[in-house]
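Derivation of every value follows stated rules applied to the coordinates shown; laboratory data play no part. Since we're looking at a predicted model, the values are computed, not measured. Every residue, glycine as well, gets a Cβ built from its backbone with ideal geometry; the counts of neighbours run over all protein chains shown.
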């Protein structure tokens, strides 16, 4: 058969069932392998359920043709396993066309040509039928709303202010920036004092271990503690506004 016509698919035709119960369609390609014209014909073992379009025709040299294979009467919501298709088949027949057949032969002329061709010259191939459950449509998810960043929100809020309120807003923002800088400076000084105090404590501990008892003057400790407390009270803001 492949010497005359190549079929695709060549062994199994698959029908995907439609949930609506309407006719389901599959397709098959026929490709002539001869430099001469080829007659073809399509039959089925269950003509009440299947049909081919076209059922017969004439292929020119090296021509390809798509067959539409239809399956009807399936029913709504029928599962593939509920239909026995083990005996359902398509059969494709092909033969070299007689030279007497016109190039623009009609359907009637093609049918008559088949009647005149000896059976031993006809090549045939059977193709099985398979069913596939209908594909389930995935639910459409709503698109997420675009996220609004903090900068975009602040810009939008500022755009809604009148000129005077916007000036006040800018002044407060600059004030907060200056306070943040001062806070960082004070924190740095406090960290330095605490580090120095820790060094003195470690030094006294080492001297005590060596038998040399030298105490830290109480006045120095009090002054250092007061400086730390005053720095925190004077320079670190007690609260900040957020926008």
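What's the center-to-center distance, using Cα atoms, between the range 50-64 and the range 161-201 in Å? What the calculation gives is 87 Å, centre to centre.
Express in % the proportion of alpha carbon pairs of the range 1-65 at distances exceeding 13 Å. Provide the component values of the computation, followed by the final result.
Values: 1427 of 2080 pairs.
I get 69 percent for the Cα pairs in the range 1-65 exceeding 13 Å.
The equivalent ellipsoid that matches the C-alpha gyration tensor of the range 5-132 spans semi-axes of 30, 13, 13 angstrom, in descending order.
When ranked by the protection proxy of mean other Cβ atoms within 10 Å per residue, highest first, what sequence do the peptides 177-185, 105-113 form? Before the final figure, lay out each step's value.
On the way: 177-185: 11.6, 105-113: 13.7.
So the peptides 177-185, 105-113, ranked by packing, come out 105-113, 177-185.
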